[in-house]
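Worksheet: one structure, shown below.
The values are calculated or read from the model by the stated rules, or taken from the named source; none is laboratory data. Keep in mind that what you see is a predicted model, and the values were worked out from it rather than measured. Using ideal geometry, Cβ is built from the backbone for each residue, glycine included, and neighbour counts are taken over all protein chains shown.
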Amino acid sequence: MTRAINFSAGPAALPEDVLKEAAAQMLDWHGSGQSVMEMSHRGKEFMSIAAAAEADLRELLAIPANYKVLFLQGGATLQFEMIPMNLLAGKTSADYVHTGEWAKKAIKSAKTFCQVNTVASAEDQKFTYAPAQADWKLNSDAAYVHYTANETIGGVEFHWTPNTGNVPLVCDMSSNILSKPIDVAKYGLIYAGAQKNIGPAGLTIVIVREDLIGKGVPTPPTMLDYKTHADNESMYNTPPTYGIYIAGLVFQWLKKQGGLAAMEKKNIEKSALLYDYLDQSQFFKNPVRKQDRSRMNVPFTLKKPELDEEFLKGAKARGMVQLKGHRSVGGMRASIYNAMSIEGVKTLVEYMKEFEKNHG
Ligand SMILES: *Cc1c(COP(=O)(O)O)cnc(C)c1O
């Protein structure tokens with residue numbers, strides 16, 4: 001068996017140790033005689049799995065006690081709708097920062113529910129930077145301020161946390177959650193689809209301050225109301241049990257790696273390997289402003305786009321897959337989430353050097 005060096009943007013590579021552990025427990029979880037997939041979500045075995053996953057996530061992110069952790073479904077995309085439904089709380093507008101493809105989708109969804117104030121936008125420079133807080137035109141009567149911590153497609157990341165005063169800060173952290181320590185207390189709500197940096201697709205994590213729960217006006221439909229899920233410990237209906245289990249194994253793995261400070265160090269090192277090479281290359285190029293470059297998703301283009309296919313073919317021959325850029329931007333994209341090793345990135349950079357030498 002050979003495992004590929006997998007640069008997928010999502011669903012993305014998982015730590016091999018986690019997959020091995022899941023494989024070993026596939027037929028018989030801890031002597032229960034059942035696969036986790038076959039367990040009742042209300043049985044004591046699965047309840048212990050879910051409780052441990054939540055406890056470990058709380059420990060990793062140092063989530064304060066006045067925040068609920070919800071294990072939901074519907075992806076980050078359903079949160080684009082649930083956020084206005086629950087957080088507008090009778091107000092008529094919300095502030096959004098427009099940084100690219102994902103922010104655009106969040107804005108589009110919110111427009112169904114309220115007036116959206118685009119308080120900052122990077123559109124003037126093709127979404128290649130994160131607008132500085134000083135340029136945000138915030139409204140004190142907005143229900144909340146929404147931003148996208150890491151634009152997975154454009155490769156733009158906020159390396160600072162906005163300050164929105166008394167207006168709750170809402171953040172789409174789908175593609176950089178758990179990549180570094182954060183101060184959860186600065187946020188009203190954080191959400192993330194699992195399939196980038198947490199676990200398998202099908203699980204969405206929402207971390208929400210308690211006072212923001214149950215305030216939807218009108219009251220959202222039962223399944224779309226955070227209160228339903230908070231009151232029922234994310235078990236109002238059957239939760240994505242296997243996804244929660246794998247996420248729990250990932251949380252344990254992260255703790256073994258030294259937690260999020262250690263992950264941040266590794267992620268800085270990995271991304272620097274790529275960016276340092278890109279910056280001196282005459283053949284490959286990344287368009288993002290230096291201080292806003294993503295440590296998770298590194299898009300780059302070839303000087304001769306007609307060589308894209310050959311580049312991908314050569315990568316595949318060296319065991320590297322899923323480097324093709326998003327259809328909306330073309331070129332290449334190397335997604336290097338927590339599970340990507342430093343060796344994997346080194347293999348890519350070595351190949352890029354060789355390719356430049358032969359084709360530059
Ligand atoms: C992938 C992604 C989404 C969409 O997630 P789904 O789980 O497919 O709904 C939203 N925001 C960001 C930043 C993403 O990377």
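The table for this structure:
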item: Segment 298-324 residues that are assigned by TED's automatic domain parsing to the domain that holds Phe355, paired with ones that are of a type in the set (S, T, N, Q) and buried (at least 20 other Cβ atoms within 10 Å of the Cβ) (beta carbon under 7 Å, 6 or more apart); result: Val298/Ser271; Val298/Asn286; Pro299/Asn286; Phe300/Asn286
item: Residue identified as crowded, with 20+ Cβ neighbours inside 10 Å and part of a helix (DSSP H, G or I) among Ala110, Ala94, Ala120; result: Ala110
item: Residues of segment 317-355 satisfying the condition of being surrounded by fewer than 19 Cβ atoms within 10 Å (Cβ to Cβ), closer than 30 Å to Lys256 by Cβ and among the polar types (S, T, N, Q); result: Ser341, Thr347
item: Residue ID - nearest to the ligand (Cβ to nearest atom), chosen from residues in segment 60-91 that are of a type in the set (Val, Ile, Thr) and in a helix (DSSP H, G or I); result: Thr77
item: Residues within segment 198-227 that are surrounded by fewer than 19 Cβ atoms within 10 Å (Cβ to Cβ), among the β-branched types (Val, Ile, Thr) and touching a residue at least 40 places away in the same chain (Cβ under 8 Å), tallied; result: 1
item: Residue tally, condition outside any helix (DSSP H, G or I) and within 16 Å of the ligand (Cβ to nearest atom), over segment 190-231; result: 18
item: Of all residues making up segment 132-151, the number that are within 16 Å of the ligand (Cβ to nearest atom) and in a loop (DSSP other than H, G, I, E, B); result: 1
item: Single condition Ala110 does not satisfy, out of (1) within 14 Å of the ligand (Cβ to nearest atom); (2) under 18 Å from the mean Cα position of the chain (by Cα); (3) aliphatic (A, V, I, L, M); result: (2)
